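Beneath this line is the structure, given in structure tokens, with notes to follow.
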Amino acid sequence: MHQVEMMVNGQVRRAEVPAETTLLSVLRETWGLTGSKLGCDVGDCGACTVLVDGLSVNACLLLAVQVDGQEVLTIEGMGGFDYLHPIQAAFERLSSIQCGFCAPGIVISAKALIDKNPHPTEQEIREALAGNLCRCTGYTKIIEGIAEACRAPAITDGISVTESGHV
Amino acid sequence: MRSFEYLAPSSLNELLEVMGDRAPNFKLLAGGTDLLVDLKHGPSGPKLVMDLGAVPELKGIEETPLGLRIGAMVTHSQIQQSALIAEHAPAMMAAAATIGAVQTRNMGTIGGNLVTCVPSLDSGPVLVALDAQVTVAGVHGRRVLAITEFFVGPRQTALAPDELLVDILIPTAMLGRATAFRKFGLRKGQALALVNAAASIAVDNDRIVEARIALGAVAPTVIRATDGERVITGRSTDDVGALREAAAVAVTETRPIDDFRASAAYRRELVAVGTYRVLEEALALATRS
């Protein structure tokens, strides 16, 4: 068994896990953070996308022990009913989501993009989402939603969004 | 996933010692984008997984007296963002950009990509076109190999069971060499190459004095099309027909297969088109500078 400790959504989390435990599994099953989804389990679909030290990764392809001592952001750290991140707010306004299974990963991938590039072109948005599969929407409203989120004051002014403790 | 023992050595010496003791009953974990899939779904599991993430000797991109050194654990994203790569070997950035998706490029490493040694590996052709060398290390010492010697067959490298890939070197003479890369897949993102191609060209007094053509996914390993290279070596930089001739000859050096992604005939057509385009682009870069 291995002790792991990481900062998840701004909160220190600890667990004792066998080496073969994935980051996704410890997030979902040990800590109850079930927003990140188990889709393909081989790194193709992106439903498990989280940020580790600010980089988007597939949580299904990382061992929890590899992430020991690092910072993780999941969809639970992005917003909630009381406050939506501008990406989530834009998705809601435009009805960008249908079944919603891919949405947590897509919101995280979009955040990773906007953090580096607050004013992406449509092509850059498409490239940023190449690792996130959506089988419902055809992506049109998702791409429009991300473009709209980039016009939100919190993003255009370069202010990192921190209300209610959210990223 | 089946259970395994996990170690994360903090130095190359410590790693090599364990490798010497435990070979071949371990797997090395680099970016994990292939290994984790194997650990979950592969036919048999290793007893020991050794994480290379804490080994400093495998990291970093730096200029050395011999050339540009790229640590095996450098990720594809790091290659895309490296000022040194942009200055000395920008075609590596073009190749890295075609690998997987953002998440896989943030995790996957150039060393891991080379060690998989699949015929379609996207890091391979540019490194062959740039005459790269690789350093491999084992408990008994180090060896330096040409990248073309490192690729032995499909999923088979020149590594002994107790050896690992430490770094890749682009020799000084090849830094800044005009180089181009193209990949043809069934779609733009997350696609395996049907064909990938790279070429490098050096020009002197309006003549092509050195050319290297590298092709992937059309033979058991990434190959050099040396007959095609000979066709253009010595030819005038204005001789556009020479590039077409070289591309046609390069096709004869490939052995593509028929599979569900594409027919061998279609792959040969892509080799002709791809080789011509990378030569044209490399020549344009060479004559501009």
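Taken one residue at a time, the phi angles of region A:41-48 give Karplus couplings (6.51, -1.76, 1.60, θ = phi - 60°) of 6, 10, x, 9, 8, x, 5, 9 Hz. Gly and Pro are set to x.
Averaged over peptide A:51-64, the number of partner chain Cβ atoms lying within 10 Å of each residue's Cβ comes to 5.
Leaving out ligands and nucleic acids, note down the accessible area per residue over region B:1-147 with a 1.4 angstrom probe, in whole Å².
39
Screening chain B for whole DSSP H helices of 18 Å or more along their axis (Cα) with average Kyte-Doolittle hydropathy at least 0.0 returns B:240-252, B:264-288. Ordered from highest to lowest accessible area with the whole protein assembly present and a 1.4 Å probe, A:K141, A:K116, B:K40 read as A:K116, A:K141, B:K40.
Express in nm, to one decimal, how much length is gained between B:Q156 and B:D238 on full extension, taking 0.36 nm for each residue of separation and deducting their alpha carbon distance. Kindly include the intermediate steps, with their values, before the conclusion.
Values: separation 82, 0.36 × 82 = 29.52 nm, distance 4.08 nm.
Residue separation times 0.36 nm, minus the Cα-Cα distance, leaves 25.4 nm.
Rounded to the nearest 20 Debye, what is the dipole magnitude of region B:182-288 about its Cα centre when Lys and Arg each give +1 and Asp and Glu each give -1 at the C-beta?
Working: 16 positive and 14 negative charges, 100 e Å.
For region B:182-288, the charge dipole is close to 480 debye.
Calculated mean residue ellipticity, 222 nm, the protein assembly as shown: -9000 deg cm²/dmol, from DSSP H runs (n ≥ 4) at -39500 (n - 2.57) each, averaged per residue and rounded to 500. Normalising the Debye intensity of the protein assembly as shown to I(0), with uniform scatterers on Cα atoms only, and taking log10 at q = 0.06, 0.09, 0.10 Å⁻¹ returns -0.28, -0.63, -0.78. When a 1.4 Å probe is rolled over the protein heavy atoms, the share of accessible surface on region A:2-77 that falls to carbon and sulfur comes to 43 percent.
Length gain on complete extension for the stretch B:N25 to B:E63, per 0.36 nm per residue less the alpha carbon to alpha carbon distance? Numbers along the way, then the final one.
Values: separation 38, 0.36 × 38 = 13.68 nm, distance 3.53 nm.
Contour length minus Cα-Cα distance gives 10.1 nm.
Peptide B:95-104 shows a mean partner chain C-beta count of 6 within 10 Å per residue C-beta.
Our compactness index for region B:182-288, the C-alpha radius of gyration over the empirical 2.2 N^0.38 Å, is 1.06. Near the amide H of B:R207, within less than 5 Å, lie the amide hydrogens of B:T237, all on another chain or at least 5 residues away, with H placed in the peptide plane.
Let me spell out the model: positive unit charges on the Cβ of Lys and Arg, negative unit charges on the Cβ of Asp and Glu, origin at the Cα centre of the protein assembly as shown. What dipole size does that give, in debye rounded to 20? It would help to have the intermediate numbers written out before the result.
Working: 39 positive and 51 negative charges, 199 e Å.
So the dipole magnitude of the protein assembly as shown works out to roughly 960 debye.
Count Lys and Arg as plus one, Asp and Glu as minus one, and take only other residues whose Cβ is under 15 Å from that of B:D167; the net charge is then 0. The residues packed around A:E92, meaning those with a beta-carbon under 12 Å from its beta-carbon, carry a net charge of +1 if Lys and Arg are +1 and Asp and Glu are -1.
Once the Cα-Cα distance is subtracted from the 0.36 nm per residue extended length, the A:T121 to A:F81 segment shows a gain of 11.5 nm.
Evaluated with a Cβ-only charge set (Lys, Arg +1; Asp, Glu -1), region A:86-157 carries a dipole of roughly 180 debye about its Cα centre, given to the nearest 20. Anisotropy class assigned to chain B is prolate, per the alpha carbon gyration tensor with a/c at or over the 1.5 cut-off and a/b larger than b/c. Taking the charge dipole of region B:182-288 about its Cα centre, with +1 at Lys and Arg Cβ atoms and -1 at Asp and Glu Cβ atoms, the residue from B:L283, B:P256, B:G228 reaching farthest to the positive side is B:P256.
With 50 Å² as the minimum drop in accessible area between chain alone and full protein complex (1.4 Å probe), the qualifying residues in region B:9-56 are B:L36, B:K40. Selection among A:G32, A:T137, A:T22 by position relative to the dipole of chain A gives A:T137 as farthest towards the positive end (Cβ unit charges, Cα centre).
Over chain A, with the other protein chains present, what is the accessible area per residue in square angstrom, probe 1.4 angstrom?
Details: 7540 Å² over 167 residues.
Per residue, chain A has an accessible area of 45 Å².
Calculate, for B:K47 and A:T140, the FRET efficiency according to 1/(1 + (r/R0)^6) with r their C-beta to C-beta distance and R0 41 Å; round to the nearest 0.05. It would help to have the intermediate numbers written out before the result.
Values: r = 49 Å, r/R0 = 1.19.
For B:K47 and A:T140, the calculated efficiency is 0.25.
A:V26: net charge of surrounding residues, Cβ under 13 Å, Lys/Arg +1, Asp/Glu -1, itself excluded? Result for the local shell: -2. Percent of Cα pairs in region A:86-157 per distance bin of 10 Å, from zero to the largest separation: 22, 62, 16, 0. Most simply put, the protein assembly as shown has about 85% antiparallel DSSP beta bridges, counting only bridges with both residues inside it.
Dipole orientation for the protein assembly as shown: of the candidates B:Q156, B:Q80, B:L29, B:Q156 has the Cα lying most toward the positive pole (charges on Cβ; Lys, Arg +1; Asp, Glu -1).
The fraction of all Cα pairs in chain A landing in successive 10 Å bins from 0 to the largest distance is 11, 41, 34, 12, 1, given as whole percents. Using 12 Å as the cut-off for backbone N distance, which residues of region A:110-128 belong to the label zone defined by a point 7 Å from the Cα of A:R93 along Cα→Cβ? Under 12 Å, as judged by backbone N against the label point of A:R93, lies no residue of region A:110-128. Per the accessible-area calculation with a 1.4 Å probe, the total area buried between chain A and chain B rounds to 2000 Å².
Each residue, B:D206 and B:A86, gets one label point 7 Å from its Cα in the Cβ direction; the gap between the two is 3.5 nm.
The values are calculated or read from the model by the stated rules, or taken from the named source; none is laboratory data. Keep in mind it's a predicted model, so treat the numbers as computed, not measured. As a convention, Cβ positions derive from the backbone with ideal geometry for all residues, glycine included, and neighbour counts pool all protein chains shown. Note: areas computed on protein heavy atoms with side chains; ligands, DNA, RNA excluded. Shrake-Rupley method; radii C 1.70, N 1.55, O 1.52, S 1.80 Å.
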